[in-house]
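The values are calculated or read from the model by the stated rules, or taken from the named source; none is laboratory data. Small disclaimer: the values here were computed from a predicted structure and weren't measured. Cβ atoms come from the backbone with ideal geometry, glycine included; neighbour counts cover every protein chain shown.
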Amino acid sequence: MAEVSTFRKVSQICCSIVWCLLAAGPVFGFAALKPVLINEGVYSDRCSVHAGGEKTIPCDEQDLALNFLFTAACMVTNISALPVGSILDSYGPKVTGVIGSFIIFAGAATLSMAKQVGLFDAYLAGYTLLALGGPFVFISCFQLANSFPKNSGLILALLTGAFDSSSALFLVYRLIYFNWFDLSLKTFFLYYLVVPVFIFLCQTTIMPKDSYKTVGTLAKIAETKLDETGKPIDRERLRSEDRAVADVVTFTPQPNMTETTSLLIRSASFSSVSDRRDSTISRAPSIKSIYEREAEDKLFNSTGGVFGIMHGFSITEQLKSPWFVLMAIFTTIQMLRINFFVATIKFQELFLYKDEELATSINQFFDLALPVGGLCAIPFIGLLLDNLTTLNVLWLLSIISVTVGVAGCISWLPATYLGIILMVLYRPFYYTAVSDFCAKVFGFETFGTVYGTIICFSGLCNILQQFMDQITHSHFEGNPIPVNATLTALTVLFAGLIIGFVRSQEKAMSRRSLEIEAQEATIRSLPH
């Protein structure tokens with residue numbers, strides 16, 4: 001890649017932050033958009049009996065149809081991670097971003113004309129297209145975090161922060177709609193067409209055709225603080241993309257590695273554990289610089305010994321392991337918990353408090369807390385994951401999740417607001433912790449496949465959200481407590497299983513290390 005000027009790189013980053021803020025994940029602001037959809041009469045034709053003309057309280061059929069918009073959007077967003085990564089690997093970030101701009105344009109145009117379309121469900125199609133376009137335009141710009149290697153962490157935080165804040169788009173729209181002037185859905189989404197046009201123009205003019213680095217190299221820099229040659233980034237300046245250093249073997253991405261990232265991915269370690277542990281942990285030893293050995297030893301100790309435990313195994317062996325199965329199930333339960341809460345928060349609070357005004361107020365608090373909580377959590381996520389062992393991270397995730405679940409079953413305002421605050425902080429921490437877990441346990445040679453499979457599987461299982469919504473309306477007469485209690489119980493069960501398993505593996509690793517040290521001591525004590 002030819003040398004790129006600093007001004008051009010800064011422009012690329014600024015443009016990426018703008019479109020991530022507007023297009024990366026606005027569909028997750030569904031709770032803010034839903035009152036507008038209701039007021040606009042979306043799906044009101046599905047009501048067999050209208051509730052006295054009251055527009056703010058949808059009938060069950062309308063509510064289920066609206067909630068399915070979000071269910072479908074979540075499924076598409078998560079399932080698309082694998083194909084988006086494949087397209088990115090094959091055709092580069094520019095093509096990926098252009099595709100995303102066309103998809104978002106199609107989604108916004110469909111939503112703007114949805115009222116006039118009778119051949120198909122244009123609201124569902126349009127909202128799903130918006131959800132599909134988000135990963136294309138977000139993941140395609142993620143490699144920009146390494147345009148300035150020494151500031152990759154800051155750029156990463158800005159991009160993920162913009163994604164977290166993108167859910168506020170519909171919050172701003174709702175505030176305008178109810179407080180200033182009646183900006184119809186048709187008019188809003190016609191104006192919104194400017195966003196995909198902006199993305200397209202940026203991609204075809206200033207954005208790079210090829211990635212600055214693969215995500216594996218970016219991960220190495222972020223996690224180990226080493227450059228692509230295996231040396232500390234604070235000891236020398238990186239002057240070009242293709243420098244070669246003779247005293248190390250440069251890391252080369254494997255064919256099955258993708259640049260797929262989660263919507264809240266955290267860069268993590270890329271290689272197998274140091275040669276000192278190759279005989280007991282890794283099946284793929286490699287030549288490393290002394291700095292890489294030191295960095296990996298540090299990661300091994302900081303994770304409690306689980307770093308590298310599945311590195312070097314085949315993808316089939318990894319996917320069959322308890323590490324993968326337990327994390328996939330735990331992730332699925334948490335995703336269902338989060339998305340069910342986002343889609344039905346006002347409905348839940350209305351049942352718990354029997355007060356329309358209070359439920360609306362809680363809903364509005366959540367709409368604001370969702371983007372703000374994501375931004376507030378960013379500085380602490382890295383600190384927690386860098387300073388807590390993998391087992392302690394799992395404990396923290398489990399405790400917060402169970403607390404949120406219990407709070408969702410109590411009609412007590414302090415508990416309700418505490419649950420919302422913990423939820424909005426937990427959401428980015430949870431997604432990031434899962435990607436961190438996968439990278440440290442499975443390694444980056446198979447990270448794209450392992451992590452993508454977990455998120456894809458969880459996305460497919462998200463269809464259960466619609467089932468939970470239906471039984472809440474039909475069998476439990478609107479009472480969300482049975483579903484919340486069931487999800488909390490499942491969290492306790494599988495959190496216990498995965499924590500117990502990781503703890504047993506830590507103990508096994510500790511015993512193995514002591515045995516190796518004893519053998520080495522015995523060998524050293526033998527007469528030469």
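Annotations
- Residue count, segment 440-478 (criterion: free of Cβ contacts under 8 Å to residues at least 24 places away in the same chain and in a helix (DSSP H, G or I)): 2
- Scanning segment 397-431 for residues that are out of contact with any Phe, Trp or Tyr (no Cβ under 9 Å at 6 or more places or on another chain) and in a loop (DSSP other than H, G, I, E, B) yields a count of 3.
- Whichever residue in segment 453-502 is closer than 25 Å to residue 69 by Cα and of a type in the set (Ser, Thr, Tyr) and, among such residues, is farthest from the chain's Cα centre (by Cα): 474
- Scope segment 398-439; condition in contact (Cβ under 8 Å) with a residue 60 or more places away in the chain and touching a Gly at 6+ places or on another chain (Cβ under 6 Å); matching residues: 404, 408, 428
- Residues located in segment 405-457, provided they are of a type in the set (Val, Ile, Thr) and modelled with pLDDT of 95 or more: 406, 416, 420, 421
- Residue 5 being under 20 Å from residue 142 (Cα atoms), at pLDDT below 90 and not acidic (Asp, Glu): yes
- Residue selected from segment 503-526 under the condition in contact (Cβ under 8 Å) with a residue 60 or more places away in the chain and within 35 Å of the chain's Cα centre (by Cα), by the criterion surrounded by the most Cβ atoms within 10 Å (Cβ to Cβ): 509
- Taking the criterion of being more than 20 Å from residue 409 (Cβ to Cβ) and either assigned to a loop (DSSP other than H, G, I, E, B) or in contact (Cβ under 8 Å) with a residue 12 or more places away in the chain (or both), the residues of segment 344-363 that qualify are 356, 360.
- Unmet requirement for residue 163, which otherwise passes all of (1) surrounded by fewer than 21 Cβ atoms within 10 Å (Cβ to Cβ); (2) of a type in the set (Phe, Trp, Tyr); (3) closer than 12 Å to residue 23 by Cα: (1)
- So residue 120, is it closer than 21 Å to residue 194 by Cα and at pLDDT 85 or above: no
- Hits in segment 179-207 - residues which are of a type outside the set (A, V, I, L, M, F, W, C), in a helix (DSSP H, G or I), free of Cβ contacts under 8 Å to residues at least 24 places away in the same chain and farther than 15 Å from residue 109 by Cβ: 179, 205
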